[in-house]
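To start, the structure itself, in structure tokens.
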């Protein structure tokens, strides 16, 4: 039951509360979509550069198209955490209500 759990005495402030799960997933999906769109643009750019005779550009764009999926997956799996860096004063004593 919920009452049997150990009590955590650290205070949770609303400024450090995490976003909702749906908002976090939406941000991750946007990051992934942007990264994969950039990958597609690199691939199309490499084909155009190769067909137009720009020999130095297409290998760079192919390398970008090969590396970007890894970066996209890593960025999509990063969860957002908030911290404001401030510590609560420990000298304040709060009394509990009687049960």
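Can you pull a Stokes-Einstein diffusion coefficient for segment 17-76 at 4 °C (1.567 mPa s), Rh from Kirkwood over Cα pairs, as a whole number of µm²/s? Display every interim value, and only then the final one.
Numbers: Rh = 12.6 Å.
Answer, rounded: 103 µm²/s.
Which FRET efficiency value, to the nearest 0.05, is calculated for residue 36 and residue 57 with the Förster distance at 30 angstrom and r the Cβ-Cβ distance?
It comes out at approximately 0.90.
How many nm separate the modelled label positions at residue 99 and residue 74, each set 7 Å beyond the Cα in the direction of the Cβ?
Placing both labels 7 Å beyond Cα along the Cβ direction yields 4.9 nm.
Here, each number is a calculation from the coordinates, and none is a lab measurement. Owing to the predicted nature of the structure, the values given are computational and were not obtained by experimental measurement. Virtual Cβ from ideal backbone geometry, glycine too; neighbours counted across all protein chains shown.
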